[in-house]
Structures are given as C-alpha cells and as structure tokens.
Amino acid sequence: MRALYVCRGGEKKVKILEITSMIGCENMCSYCPQEDLVSAYTSPKTSMNIEDFKYFLTRVPKNVILSFAGFSEIFSNKDGSLMIREAITFGYKVMKKD
C-alpha cells in the first residue's frame, strides 16, 4: 500500500491509499512494472488475505479514499471482492472510475 495526495483543479488535496493486494499479477499489462516489483519483493507472502486487510483498515483514517488500482488486479486476489465490500461496510470511500 502507498499513500497518494492528489489535487484536482482548485480543490484541496485528497488522500488516497493505493492498495496492491498481491505480488505477481498474472495479467502482465505492458504499462505495469511487474518484473521489477516481483524481483524487488523478498517476503514469502505474496498475497493479502481478508484478515490482513481488515487489520490494515483499523489503521487507516476514514477520510482516506481507498484505491484498489495498485500493481495488481484486485479480482485476481481470491479475497478481492470481500476487501471492497469490507471497505465500504467500514465506511470508506472506494475510488471508482468516473
């Protein structure tokens, strides 16, 4: 996960937390640096599960927008849809394409 601060036009900064739910996305999109990410990652754990995600949510302020557009496709993670549902249930705004 990494935090981003985005300014849109004359609006104030918006806090966005970009979530990468797994390392080694199988989609291998041409614009995504998967090979660099995989080679730099040293932990044996390569996928976030729903319990890890719930724990992380307890540490994220509610004014932060969650973006599941990190370096992996959220629906490639077996718990991806559960993570989105939990985020909304806990009262977070989830970034969507307008």
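Does at least one position in region 37-50 carry a residue that is modelled with pLDDT of 90 or more and either out of contact with any Gly (no Cβ under 6 Å at 6 or more places or on another chain) or assigned to a loop (DSSP other than H, G, I, E, B) (or both)?
Taking every residue of region 37-50 in turn, at least one turns out to be modelled with pLDDT of 90 or more and either out of contact with any Gly (no Cβ under 6 Å at 6 or more places or on another chain) or assigned to a loop (DSSP other than H, G, I, E, B) (or both).
Considering only residues of region 80-98 that are surrounded by fewer than 19 Cβ atoms within 10 Å (Cβ to Cβ) and farther than 22 Å from VAL14 by Cα, which is modelled with the lowest pLDDT?
SER81
I need the full set of residues from region 1-36 which are at pLDDT below 70, in a loop (DSSP other than H, G, I, E, B) and farther than 15 Å from GLU73 by Cα, in order please.
CYS7, ARG8, GLY9, GLY10, GLU11, LYS12
The values are calculated or read from the model by the stated rules, or taken from the named source; none is laboratory data. Quantities reported herein were computed from a predicted structural model and do not represent experimental measurements. Every residue, glycine among them, receives a Cβ derived from its backbone with ideal geometry; neighbour counts consider all protein chains shown.
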